[in-house]
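The values are calculated or read from the model by the stated rules, or taken from the named source; none is laboratory data. None of these values were measured; they are calculated from a predicted model. For neighbour counting, all protein chains shown are included, and Cβ atoms are generated from backbone atoms with ideal geometry for every residue, glycine included. For accessibility, only protein heavy atoms count, side chains too; no ligands or nucleic acids. Shrake-Rupley method; radii C 1.70, N 1.55, O 1.52, S 1.80 Å.
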Amino acid sequence: MVYRTTLLLLALLPASLTWAAPAQQRFTDWQVTCNNQNFCVARNIGAHDGLVMTLSRSAGARTDAVLRIDYGGLDRSVTHAPPLAPALLLDEQPLVPDPKSWRITPLHLLTDNSAAIDAFLNEIREGQSITLRDARPAISLQGLKAALLFIDTQQKRVGSETAWIRKGSQPPLSVPPAPALKEVVQSGPAPAPLTREERNDLLDYGTWRINTNQCSLDPQRREVSVGGLSDDKALLMVSCEAGAYNTINLAWVVSRQKPFAARPVQLHLPFQPQDMSRDLELINASFDEQTRELVTLAKGRGLGDCGVQTRWRFDGQRFRLVRYAGQSVCDGWQGADAWPTQWITR
C-alpha cells in the first residue's frame, strides 16, 4: 500500500518539480543532448567536412525551436566558400529554403519559425544526405528520425500536436513544462583579497603538500595556486599529473591563517553521466577569484573539440555544480564554450 501511495504522490507532483535526467546519445550520424531542463540539441556528427545542421528545442507547450545550417568548424578555413543557400542539395536535388522564413547569410542559415521547421523536417527526414553542389561537405541524415523521436520522447511530446515524430491529437498544453531550474547560492559577500603574507604562506604550504603527496609530474613543472573563498577560507590547488594535453590537479579548502587546516576538494556530480563516474577529477582546473567558481576542462584530444567542461560554485561548505557541458564525438566542430549542456543552474 505504501508503494502504491508513493507512486500516486509522484504522479500528482507538478511537472515543474519532477526530475529531468540529462542525456547524450548517438543515433547513427546524429547526436542528441538534453539537459536537466529538457532543453535538447541535435546535430549531425562525424565526417561532415564542416557542414552541420543543428536543431534545438525547449521543453513545454510553446513551439520554441531553432534550426540552423552552418559551414565552418575549428580546424578549417571557409572564408572563400560560395554561399550556402543556392548550393544546397537533398539527395542531389535542389533544396531551397524560403527566404521569407529563414535568415540567410553566406555561410549560415537559421530559422525559428515553427511552421518552416516542420516543413523542412518533413521534406528531409526520409532523405539520405544534404550536400553542397560541387563540394565535398555533407550532412548525413542517417539517424535523424531516431534523434527527433528521442527529443519528442524526452520532452513527452509523443501523441501531441507539437511532436515531430508520431504526432497526435493531444493539445500543446498536454506537454509538461521545463522542470524548475535549481539554484546554487554563493557563500556570502566577496571575501577580502588575500594579503601578500597570506598568499606567500599558502603557496609555501601548497609546495609542502605537493612534496608529501605522490605526484608523477616533474617537480620543475608542478604549479601551486591559491584563491580566496571567504574571509576565513582559501582554495589551494596543485598540479600533480600530466599527459599530452590534460593536467590533473589536487585541491584543498584551507584556512587562511596558521596553523593551516585543510580538507580535500571532492567534486561529485548530481547525475550519472554515460560511461563516467559521478566523482570528477580536477583536470585542467582553474579558479576565478571574482566569481569564486572552479572550472575543469577534460579534453578528448589536443584540438579541444571534444571532452567535458564543468563549472562549480562554492556555497560556503563545498563546491556545487552549476554547469556541465560535454561533447563525446571529436569532429572538429566546436570548442568547449559551445559544447551542449547537460546540467545548468541559476
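Key figures for this structure:
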| quantity | calculated |
| --- | --- |
| Flag if Gly304 is surrounded by 18 or more Cβ atoms within 10 Å (Cβ to Cβ) and either in contact with a helix residue (DSSP H, G or I) (Cβ under 7 Å, 6 or more places away or on another chain) or within 20 Å of Gly228 (Cα to Cα) (or both) | yes |
| Only one of Arg103, Arg136, Arg166 that is of a type outside the set (Val, Ile, Thr), surrounded by fewer than 18 Cβ atoms within 10 Å (Cβ to Cβ) and in contact (Cβ under 8 Å) with a residue 60 or more places away in the chain | Arg136 |
| Members of segment 227-236 that are free of Cβ contacts under 8 Å to residues at least 60 places away in the same chain and closer than 22 Å to Asn246 by Cβ | Leu236 |
| Selection count where residues are touching a Cys at 6+ places or on another chain (Cβ under 8 Å) and open to solvent by 10 Å² or more (accessible area, probe 1.4 Å), scope segment 218-238 | 1 |
| Test set (1) modelled with pLDDT under 95; (2) open to solvent by less than 20 Å² (accessible area, probe 1.4 Å); (3) farther than 30 Å from Ala85 by Cα - Arg157 fails condition number | (1) |
| So Leu109, is it open to solvent by less than 60 Å² (accessible area, probe 1.4 Å), within 24 Å of Gly50 (Cα to Cα) and out of contact with any strand residue (DSSP E or B) (no Cβ under 6 Å at 6 or more places or on another chain) | no |
| Candidates Pro189, Pro193, Pro177 - the one that is open to solvent by 50 Å² or more (accessible area, probe 1.4 Å), in contact with a helix residue (DSSP H, G or I) (Cβ under 7 Å, 6 or more places away or on another chain) and under 30 Å from Arg313 (Cβ atoms) | Pro177 |
| Count of segment 199-226 residues which are of a type in the set (Asp, Glu) and either in contact with a strand residue (DSSP E or B) (Cβ under 7 Å, 6 or more places away or on another chain) or touching a residue at least 60 places away in the same chain (Cβ under 8 Å) (or both) | 1 |
| Long-range neighbours under 6 Å by Cβ, at least six apart or interchain, first residue within 30 Å of Ser114 (Cβ to Cβ) and at pLDDT below 85 within segment 172-198, second surrounded by 11 or more Cβ atoms within 10 Å (Cβ to Cβ) and of a type in the set (S, T, N, Q) | Lys182/Thr345 |
| Gly326, sole failed condition from (1) open to solvent by less than 30 Å² (accessible area, probe 1.4 Å); (2) of a type in the set (Gly, Ala, Ser); (3) assigned to a loop (DSSP other than H, G, I, E, B) | (3) |
| Sole residue being touching a Lys or Arg at 6+ places or on another chain (Cβ under 6 Å), modelled with pLDDT of 90 or more and farther than 18 Å from Gln154 by Cβ, chosen from Asp91, Asp29, Asp70, Asp49 | Asp49 |
| Residue that is farthest from Asn213 (Cα to Cα) [pool: residues in segment 239-272 that are of a type in the set (D, E, K, R), open to solvent by 50 Å² or more (accessible area, probe 1.4 Å) and out of contact with any Ser or Thr (no Cβ under 7 Å at 6 or more places or on another chain)] | Lys258 |
| Residue check for Arg311: under 16 Å from Val185 (Cα atoms), in contact (Cβ under 8 Å) with a residue 24 or more places away in the chain and either open to solvent by 20 Å² or more (accessible area, probe 1.4 Å) or in contact with a strand residue (DSSP E or B) (Cβ under 9 Å, 6 or more places away or on another chain) (or both) | no |
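Here is a yes/no grid of residues against (1) surrounded by fewer than 19 Cβ atoms within 10 Å (Cβ to Cβ); (2) among the small types (Gly, Ala, Ser); (3) outside any loop (DSSP other than H, G, I, E, B):
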residue	(1), (2), (3)
Ile117	no, no, yes
Asn122	yes, no, yes
Leu148	no, no, yes
Thr162	no, no, no
